[in-house]
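Structure, as structure tokens:
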Amino acid sequence: MLIIREATAKSKDGRIDQSDFLNYASSSSRYSLFTPMEASIIFHFASRGVTNQRLALIDFAQLLDPRWRAPYEDAEPQGAKAPKSLLSSAFHSTYNFVLGGM
């Protein structure tokens, strides 16, 4: 996000295209941070599929939102497992060890 923020700040109109992004990313670092395919994917999703469009920082902010979290999946309830005995746990570990050795 820092590279996008700096690249849009350096442009005259506050918008960048894919080539501006790649040029700034390569000049701001000693090593290449983004491949052309990665930049293409970022620009594709930030522009919502419209090609050859110059994008502002707000377009990228919607794509790279740091507050986004994966949806909570209630597939397995917490604490639903019955407690195992020490002997049962040892047999289970031995069984897994033997299967891994095969």
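The values are calculated or read from the model by the stated rules, or taken from the named source; none is laboratory data. Worth saying up front: this structure is predicted, and the values here are computed from it rather than measured. Positions of Cβ are backbone-derived with ideal geometry, glycine not excepted, and every protein chain shown enters the neighbour counts. Note: areas computed on protein heavy atoms with side chains; ligands, DNA, RNA excluded. Shrake-Rupley method; radii C 1.70, N 1.55, O 1.52, S 1.80 Å.
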Filtering the stretch 39-66 down to residues that are at positive phi and without any contact (Cβ under 8 Å) to a residue 12 or more places away in the chain, which residue is most open to solvent (accessible area, probe 1.4 Å)? ARG48
Filtering the stretch 11-49 for residues that are under 18 Å from LEU64 (Cα atoms) and in a loop (DSSP other than H, G, I, E, B) leaves a count of 8
Inside the stretch 1-10, can you point out the residues that are outside any loop (DSSP other than H, G, I, E, B) and either of a type outside the set (A, V, I, L, M, F, W, C) or under 18 Å from the mean Cα position of the chain (by Cα) (or both)? LEU2, ILE3, ILE4, ARG5, GLU6, THR8, LYS10
It is to be established whether one or more residues within the stretch 22-38 are open to solvent by 90 Å² or more (accessible area, probe 1.4 Å) and either basic (Lys, Arg) or touching a Gly at 6+ places or on another chain (Cβ under 7 Å) (or both). yes
Tabulated pairs, the stretch 1-22, first closer than 19 Å to SER40 by Cα, second open to solvent by 70 Å² or more (accessible area, probe 1.4 Å) and assigned to a strand (DSSP E or B), C-beta under 7 angstrom, 6+ apart or interchain: THR8/ARG15
